[in-house]
Structure formats: C-alpha cells, structure tokens
1. Of the residues that sit in the stretch B:108-123 and are among the small types (Gly, Ala, Ser) and surrounded by 21 or more Cβ atoms within 10 Å (Cβ to Cβ), which one is farthest from A:Pro121 (Cα to Cα)?
2. Looking at (1) of a type in the set (Val, Ile, Thr); (2) over 26 Å from A:Ala34 (Cα atoms); (3) in contact with a helix residue (DSSP H, G or I) (Cβ under 8 Å, 6 or more places away or on another chain), which is the only condition B:Thr61 fails?
3. Among the residues that make up the stretch A:47-66, is at least one of them of a type in the set (Phe, Trp, Tyr) and closer than 22 Å to B:Val76 by Cα?
4. Which condition breaks for B:Val76 when tested against (1) of a type in the set (A, V, I, L, M); (2) touching a strand residue (DSSP E or B) at 6+ places or on another chain (Cβ under 9 Å); (3) farther than 29 Å from A:Ala11 by Cα?
Number of protein chains: 2
Amino acid sequence: MKGILLFGHGARNPAWALPFERIRQAILATDAAALVEPGFLELMRPTFAEGIDTLVGQGATEIVVVPIFVAGGGHVNKDLPPLADQAMTRHAGLIIRLAPPVGEAAPVLAAMADYALNVVPFE
Amino acid sequence: MKGILLFGHGARNPAWALPFERIRQAILATDAAALVEPGFLELMRPTFAEGIDTLVGQGATEIVVVPIFVAGGGHVNKDLPPLADQAMTRHAGLIIRLAPPVGEAAPVLAAMADYALNVVPFE
C-alpha cells in the first residue's frame, strides 16, 4: 500500500506546520483512504523517522516522500537521502521514493505566480 | 506604478533560484509589462534591497512583497519587516506592502496537494 510523507524543514513556531496539515486535509478530501503524514527535518515533530513509522504502522509498504520546499537545496539533496536510507534499513521490505520538491512542479509554480499577481497584501 | 518583489531565503547553490525565475517568467507571460524581481534574505543575490532598488529604478512606486516561503516563520515575520522599513526610508514616497507567504494561499496549497497525490518520484 502506498503512503505519502510530506517532508518539511520545521520551525520553532507550531503555526509553521499549518500548511502541512492543510495539504494533508486536501489530499484526504480527494482520497479519504490515502495514507499521508508530515515528517520534519528539525525543530518540529513528528520527525521524518516518526512520520515514516506512522505510515508503516498504517500498512504502507511503499512511501513517496514529497519535499514541501520552495527548491532543491542542501536539505533536500543532502539531508534527505540518508534519512530515507535509514528508514529502509529499519523497515525490511519498505520502499521509499523521493519526489522533486513541490516548488519545482509546474502547476505549483503557476499557482504561486497567479497568487503573486493578484494577492491583496496587508495594509 | 506597482512592482512585485519575490522574497526568498536564498541558498548556496545557484540552481536554488530557478523557481524564482520561473515564477517571474510566468508573471511576465500573464502581464508582459509587470515589474517583478527576486530579492533574497541571504546567501544569494540580488538581495532584498537590491531587488527593491531595481524595481524603483524601473518606476515602481508601490511594491508588494510576496514571500516565496512554505509558511510564515522567523524569516517572514521578524527578518522581513525591518528590511521593508529600511527600503521605505531609503526611497522617499515608496510604499511597500507585505503579502502572506505563498504556502498559505489556498490555490497554492491545492496545487501542492494535487502534486503530492500524483507525482511520479525518482526510481
């Protein structure tokens, strides 16, 4: 069974995690049976490992990690692959695949551009 | 005249700036006369101040700063406002307004959720 791990940087303010919960809810609104959890690199829980473990506990055997990052950088290209390797070592038979970061996806970029053009800012 | 400053964190790898250029091009594809420039907090140029100065040089009198961040955090809530204040002090009459970060916009979140559900990851 497929699972989705929303991989984020993490921050000190708990409110920083809200977009992750909103993405999760939007996924569940499309597919109520989807297995989808957040997992953070630092400063915030669940950690990447905790998110993976939750998905495995729910029955996931193949997990797609989706970096919720503006662009690929050190966190996506260097920090993430060893975390995935460690999780696959910890869970025999688990397959983890890494997706490009959301900020490099054309429809996401288009939505950001549209937002930038039309946003009504704080006064 | 209105200008748009795409505010990003910045990173060591120049490729990190590519999504910003793609957002800029998407905005120009919709409105060829738009004044839109990137501006980074650190590690990358143009800096926030340089981006603002370019927009002012192009004739912008009112600039909307759009944080290209997944969520509001210290960089958006604490680092950004003083940068905007300094720029308004430097340019008499310039108005700068701050928009919520892209990652908190409903259409962007929806695009991210759709991407996460349907992405074909690296094998």
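1. Within the stretch B:108-123, the subset among the small types (Gly, Ala, Ser) is B:110-111, B:113, B:116.
Now narrow it down to the ones that are surrounded by 21 or more Cβ atoms within 10 Å (Cβ to Cβ): B:111, B:113, B:116.
On the way: B:Ala111: 21, B:Ala113: 24, B:Ala116: 28 Å.
Top of the filtered list is B:Ala116.
2. B:Thr61 satisfies every listed condition except (3).
3. Taking the stretch A:47-66 first, the residues of a type in the set (Phe, Trp, Tyr) are A:48.
Now drop any that are not closer than 22 Å to B:Val76 by Cα, which leaves none.
Scanning the stretch A:47-66 turns up no residue that is of a type in the set (Phe, Trp, Tyr) and closer than 22 Å to B:Val76 by Cα.
4. Among (1) of a type in the set (A, V, I, L, M); (2) touching a strand residue (DSSP E or B) at 6+ places or on another chain (Cβ under 9 Å); (3) farther than 29 Å from A:Ala11 by Cα, B:Val76 violates only (3).
Every number in this text was worked out from the coordinates using simple rules, so none of it is lab data. Small disclaimer: the values here were computed from a predicted structure and weren't measured. Note: ideal-geometry Cβ built from the backbone for every residue, glycine included; neighbour counts use all protein chains shown.
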